[in-house]
Structures are given as structure tokens and as C-alpha cells.
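J.: Please see the structure below; I have some questions.
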Amino acid sequence: MACFNKAGEMKQTPSQTVGPFFYDALIADGRQISPVMAAAGARGQRMIFTGCVKDGDGAPVPDAMIEVWQADAAGIYAHPADPRHADADPALSGFGRSDTRAGGHFKFETIKPGSVQDQAPHLTVRVFSRGMLLHANTRVYFDDEPSNTRDPVLSLVPAMRRETLIAKRLPTAAILTYVLDIVLQGGGETVFFTP
Amino acid sequence: MANQTQLSRLDTQAHPPYLHAPYASTLKRAPQQPLIPLPHTLSELTGPVYGDGSVSALDSDLSRNAVRNGEPIGERIIVTGHVYDDAGRPVRNALIELWQANACGRYIHKLDQHPAPIDPNFTGAGRTLTNALGEYTFVTIKPGAYPWKNHYNAWRPAHIHFSLFGANIMQRLVTQMYFPGDPLLALDPIYNSTPDARARERMISAYDHSVTSPEWALGYRFDIVVCGAKQTPFE
């Protein structure tokens with residue numbers, strides 16, 4: 001049973017790996033949590049965010065799970081901590097989840113988020129897989145946003161590693177599409193934040 | 001970015017590292033570069049919100065939610081507990097997604113082909129939600145131990161996977177619940193990856209006779225404590 005220690009805190013329960021068999025619970029069809037994050041009528045620009053998860057050998061990771069949390073096109077989060085949350089777009093869930101069974105690839109269908117406070121538009125991303133005892137936290141920015149140079153979180157990242165967080169717009173796609181691989185280890189390792 | 005509210009951070013003493021060589025698949029999947037400390041902006045203070053509409057009664061009864069032509073085989077158990085943040089506040093409307101092997105230690109997923117029987121009336125997947133007091137309950141069949149190929153004669157101790165959403169995205173946690181007295185715990189690299197012994201013990205449920213229901217199901221209690229508690233702003 002959890003109980004308070006002398007400092008008036010409770011000690012955290014350790015993380016464990018998601019393992020290889022999460023699909024029936026976390027990725028099942030018909031659930032409200034899926035890679036399609038925007039319903040018909042969602043406000044703003046429809047966009048696809050896609051990429052491949054890779055391991056330390058540069059090999060695709062086909063048994064990962066990616067989660068995305070984002071604001072709507074006006075930069076509003078559908079959560080009470082956002083002072084504007086009553087105006088959040090009801091057609092955007094703001095939360096998506098994808099497996100990577102397609103050769104390590106994920107593909108989210110959503111709306112391009114607006115700026116939140118003084119931050120450049122971004123996605124908040126979590127990565128889970130067999131072989132990861134703790135999930136990894138990262139962010140994804142967009143290469144066509146000039147405000148990236150003033151983003152307070154990107155500014156904390158060593159300059160030569162920033163590109164691992166900036167998704168590239170595909171010039172020829174019919175729907176606005178941004179691509180970024182998530183590299184767990186090795187050359188071009190994605191910047192991960194403290195979880 | 002000025003936002004006075006800060007959240008408590010992940011207690012690195014309480015959690016496993018990314019790299020733990022005895023768990024072989026961490027060798028190629030553990031990030032090696034230093035983690036960048038993330039300031040807590042509105043993006044971190046928010047997260048998906050769930051409620052009553054997110055879970056049905058059958059979702060939280062794994063002993064009934066996949067029944068086709070009979071009852072699943074194995075010991076029916078009730079699992080209950082609280083979700084707290086590390087300031088000790090109950091986390092209300094925390095969505096908990098659950099999955100596990102059957103009583104024989106076999107997962108329904110086709111990736112698991114080891115020679116233990118599939119139960120036609122059990123898929124081992126469910127969901128539950130904490131109430132206004134931060135309390136959750138679900139019913140299931142006690143899972144068996146499961147062999148895996150990490151090392152010679154490797155067996156995972158019986159466990160139930162828990163994936164939790166809390167009051168904000170920083171409270172997100174995936175963990176595993178174990179059972180008291182399981183001799184396989186001492187041999188399991190995943191369980192033992194957490195270096196602190198008291199932290200490891202927090203992953204073990206407690207048999208609770210007050211939860212046991214006569215002639216129906218044994219009861220286990222498992223509390224979960226997540227980080228991401230809102231800190232009082234310094235004035």
C-alpha cells in the first residue's frame with residue numbers, strides 16, 4: 001500500500017517495459033485512441049506526421065509504440081490547465097497513438113498545431129518498446145516555422161543535435177506531410193528529454 | 001514560457017535505467033546521449049482527459065469480456081488499488097489499460113507461439129478508470145509465468161501490464177504488477193533492472209483478504225504512484 005514518507009511524499013512506482021504483446025490492449029481497432037487524431041470538420045490545416053523508428057544498428061524497430069500529444073490549430077490544449085480550453089477544437093482529440101508494424105514506420109493524421117505561449121508549433125512525443133524499460137520523451141518541430149529559432153525548449157538543445165527534432169516538409173505530397181525518423185541510439189540519435 | 005506551476009520530476013532512483021545489459025534488447029534500444037532537462041510548459045501541464053465514457057463495465061472484467069463458449073480457465077482474481085501522484089494526491093479519472101497472459105502463461109497475440117494452451121474465452125485485455133477517490137478495480141484470471149528467449153531457461157514472473165494516463169502527460173507511466181512470493185522475481189532481469197530494492201517492492205501487489213470475495217475470487221491490492229504532481233509555486 002502506498003504511504004507517505006517522513007518528507008510527506010509518496011515514492012514513485014518504477015516503470016517497466018511495454019513488452020512485445022501490447023497490441024490487443026493498446027492498438028485494438030475501434031478504440032478512441034488511434035493514429036487518426038482529427039475528425040471531419042477539425043479546424044486548421046490537415047497534416048500527416050510520419051517516420052521510422054530505428055535502433056542503434058540503424059535497423060527499423062517494428063514493435064514500438066509512438067504517442068503524440070498536441071494543441072489544436074489555435075494553440076489550445078483540450079485540458080483544464082489551458083486557460084482557453086473551453087474553446088479547444090472538439091473535432092481534434094489532441095492525442096494519438098501508433099504502432100510501428102509497417103517496417104518501423106508510424107503515420108499520424110492530424111491538424112498542424114498552433115503556437116503555445118512563446119513556443120514554436122510542436123508535437124509532444126513518447127516512444128515505448130520492448131527493450132525500453134522507461135519510455136522516451138521527445139518533441140517534434142516543423143522545418144517551415146521561423147519561430148523555431150526563438151523556441152525556448154529548442155534553445156536548450158545543443159545546436160548540432162537540433163535537427164533530430166525538426167520534421168521536414170515533403171514538397172510534393174498532396175496532403176501537408178512532415179517526415180522525421182526517431183532514432184533511439186547511435187548516429188543521429190534523437191534528442192530525448194528527461195521523462 | 002513563464003508558467004509558475006511546476007511538476008515533480010521522475011525520481012531516477014525509483015526507476016530502471018534505459019540500459020540494463022542483463023535485459024538483452026536494451027543494448028540496441030537504450031538512448032546513449034545525455035537527456036535534456038525539459039522545462040514544464042503548458043505542453044507538459046496538459047494531457048489527454050478521460051472519464052466515464054472511456055470505459056464500459058465489461059472492459060474492466062477480463063474474466064468475462066472475451067467469453068465465447070464458456071468461462072476462462074484459471075483463478076479469478078479481483079485487483080484493486082489507488083493511483084496517487086507523489087505528493088500523495090489521488091489521481092481521478094486516470095485511464096488504466098491492462099494486458100496479460102492467460103493462466104497458462106500464453107499471450108493471445110500471434111507473436112507468442114510457445115507451447116502453452118490458448119484459452120478460447122480469454123484475451124487478457126481490458127481497461128479501467130479511477131474514481132473520484134483515485135481508486136480502481138478490475139477482475140481477471142491470474143496470469144501464469146511466461147518463457148522468453150532473453151537467456152537460457154528464462155521465465156517472466158506472473159505479471160499484469162498497466163499503462164496509465166494521469167492528470168497531465170508527465171504522469172504517463174507503463175509498469176507491471178507482480179504477485180507476492182513469486183520465486184521467479186529474483187531471477188527476472190526486467191524486474192531487477194530497478195536498482196533500489198524498496199522501489200522494486202512497490203511493483204509487487206499484496207494479497208488482501210478484505211478484497212477477496214467468498215466462493216468467487218481472491219483479492220489483490222496494488223497502489224501506483226506517478227510523478228508529475230503539481231508543485232506549489234514559490235512565492
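The values are calculated or read from the model by the stated rules, or taken from the named source; none is laboratory data. Note that this is a predicted model, so its numbers are computed, not measured. Neighbour counts run over all protein chains shown; Cβ positions are idealised from the backbone, glycine included.
J.: Out of all the residues in the stretch B:30-38, is one or more surrounded by fewer than 20 Cβ atoms within 10 Å (Cβ to Cβ), in contact (Cβ under 8 Å) with a residue 24 or more places away in the chain and touching a Lys or Arg at 6+ places or on another chain (Cβ under 9 Å)?
T.: Among the residues of the stretch B:30-38, not one is surrounded by fewer than 20 Cβ atoms within 10 Å (Cβ to Cβ), in contact (Cβ under 8 Å) with a residue 24 or more places away in the chain and touching a Lys or Arg at 6+ places or on another chain (Cβ under 9 Å), which makes the answer no.
J.: Could you run through the stretch B:194-235 and say how many residues are in contact with a strand residue (DSSP E or B) (Cβ under 8 Å, 6 or more places away or on another chain) and at pLDDT below 95?
T.: Residues meeting the conditions: 5.
J.: Residues that are without any contact (Cβ under 8 Å) to a residue 24 or more places away in the chain, under 26 Å from A:V127 (Cα atoms) and within 12 Å of chain A (Cβ to nearest Cβ): list the strands (runs of 3 or more DSSP E) wholly contained in the stretch B:89-191 that include at least 1 such residues.
T.: Here the list reads B:146-148, B:173-178.
J.: In addition: Confirm whether B:S205 is touching a residue at least 60 places away in the same chain (Cβ under 8 Å), within 12 Å of chain A (Cβ to nearest Cβ), within 14 Å of the chain's Cα centre (by Cα) and farther than 14 Å from B:I78 by Cα. Let's see the steps before the verdict.
T.: On the way: touching a residue at least 60 places away in the same chain (Cβ under 8 Å): yes; within 12 Å of chain A (Cβ to nearest Cβ): yes; within 14 Å of the chain's Cα centre (by Cα): yes; farther than 14 Å from B:I78 by Cα: no.
So B:S205 fails the test.
J.: In this structure, is B:T46 within 7 Å of another protein chain (Cβ to nearest Cβ), buried (at least 21 other Cβ atoms within 10 Å of the Cβ) and over 19 Å from B:R172 (Cβ atoms)?
T.: Taking the combined requirement at face value, the residue does not satisfy it.
J.: So, one more: Please state which of the following conditions B:E75 fails to meet, knowing it meets all the rest: (1) among the acidic types (D, E); (2) modelled with pLDDT under 95; (3) farther than 30 Å from A:P90 by Cβ.
T.: Here B:E75 meets the rest and fails (2).
J.: Answer yes or no as to whether B:D52 is within 23 Å of the chain's Cα centre (by Cα) and closer than 30 Å to B:W155 by Cβ.
T.: When the stated conditions are applied, B:D52 does not pass them.
J.: Test B:H20 against the stated conditions and say whether it is more than 9 Å from chain A (Cβ to nearest Cβ) and not hydrophobic (A, V, I, L, M, F, W, C).
T.: No, not satisfied.
J.: If you take the residues in the stretch A:50-79 that are under 25 Å from B:Q33 (Cα atoms) and touching a helix residue (DSSP H, G or I) at 6+ places or on another chain (Cβ under 7 Å), which one is nearest to the other protein chains (Cβ to nearest Cβ)? Lay out the reasoning, then the answer.
T.: So the first thing to find is which residues in the stretch A:50-79 are under 25 Å from B:Q33 (Cα atoms), and the list is A:50-69.
After this cut, where a residue has to be touching a helix residue (DSSP H, G or I) at 6+ places or on another chain (Cβ under 7 Å) as well, the list is A:65, A:69.
Numbers: A:M65: 9, A:W69: 5 Å.
Of everything passing the filter in the stretch A:50-79, A:W69 is nearest to the other protein chains (Cβ to nearest Cβ).
J.: Assuming B:R202 fulfils every condition listed in (1) surrounded by 23 or more Cβ atoms within 10 Å (Cβ to Cβ); (2) closer than 30 Å to B:G51 by Cα; (3) charged (D, E, K, R) apart from one, which condition is it?
T.: That leaves (1) as the condition not met.
J.: Right, next: If you check B:G74 against the conditions, is it closer than 25 Å to B:D223 by Cβ and surrounded by fewer than 18 Cβ atoms within 10 Å (Cβ to Cβ)?
T.: Judged against the criteria, B:G74 is a match.
J.: Take the residues in the stretch B:219-230 that are of a type outside the set (A, V, I, L, M) and in a loop (DSSP other than H, G, I, E, B), then tell me which one is surrounded by the fewest Cβ atoms within 10 Å (Cβ to Cβ).
T.: At the first step, the residues of the stretch B:219-230 found to be of a type outside the set (A, V, I, L, M) are B:219-223, B:227-228, B:230.
Then keep just the ones that are in a loop (DSSP other than H, G, I, E, B); that gives B:222-223, B:227-228.
Values: B:F222: 25, B:D223: 20, B:C227: 23, B:G228: 26.
Ranking the qualifying residues of the stretch B:219-230, first place goes to B:D223.
J.: What number of residues within the stretch B:203-218 satisfy the criterion of being of a type outside the set (A, V, I, L, M, F, W, C) and assigned to a strand (DSSP E or B)? First the steps, then the outcome.
T.: So in the stretch B:203-218, the residues of a type outside the set (A, V, I, L, M, F, W, C) come out as B:205, B:207-210, B:212-215.
Right, trim to assigned to a strand (DSSP E or B) and you get B:207, B:213.
Result for the stretch B:203-218: 2.
J.: Just to be sure I understand, how many residues within the stretch A:83-98 are over 18 Å from A:A42 (Cα atoms) and surrounded by fewer than 20 Cβ atoms within 10 Å (Cβ to Cβ)?
T.: 1
J.: Kindly indicate whether A:T177 is farther than 18 Å from A:W69 by Cα and under 17 Å from the mean Cα position of the chain (by Cα).
T.: no
J.: Further question on the same structure: Within 21 Å of the chain's Cα centre (by Cα), assigned to a loop (DSSP other than H, G, I, E, B) and more than 27 Å from A:Y77 (Cβ to Cβ): which single residue out of B:P16, B:P72, B:P22 fits that description?
T.: Numbers: B:P72 fails: within 21 Å of the chain's Cα centre (by Cα); B:P22 fails: within 21 Å of the chain's Cα centre (by Cα).
Going through B:P16, B:P72, B:P22 in turn, just one is within 21 Å of the chain's Cα centre (by Cα), assigned to a loop (DSSP other than H, G, I, E, B) and more than 27 Å from A:Y77 (Cβ to Cβ): B:P16.
J.: Another question about this same structure. Answer yes or no as to whether A:A73 is in contact with a strand residue (DSSP E or B) (Cβ under 9 Å, 6 or more places away or on another chain) and assigned to a helix (DSSP H, G or I).
T.: no
J.: Search the stretch A:1-32 for residues being charged (D, E, K, R) and more than 7 Å from every other protein chain (Cβ to nearest Cβ), and hand back the single one that is surrounded by the most Cβ atoms within 10 Å (Cβ to Cβ). Give the steps one after another, and end with the answer.
T.: First, pick out the residues of the stretch A:1-32 that are charged (D, E, K, R): A:6, A:9, A:11, A:24, A:29, A:31.
Those left that are additionally more than 7 Å from every other protein chain (Cβ to nearest Cβ): A:6, A:29, A:31.
On the way: A:K6: 5, A:D29: 5, A:R31: 13.
Only one residue fits best here, namely A:R31.
J.: How many of the residues making up the stretch B:40-71 are among the hydroxyl-bearing types (S, T, Y) and free of Cβ contacts under 8 Å to residues at least 60 places away in the same chain?
T.: 2
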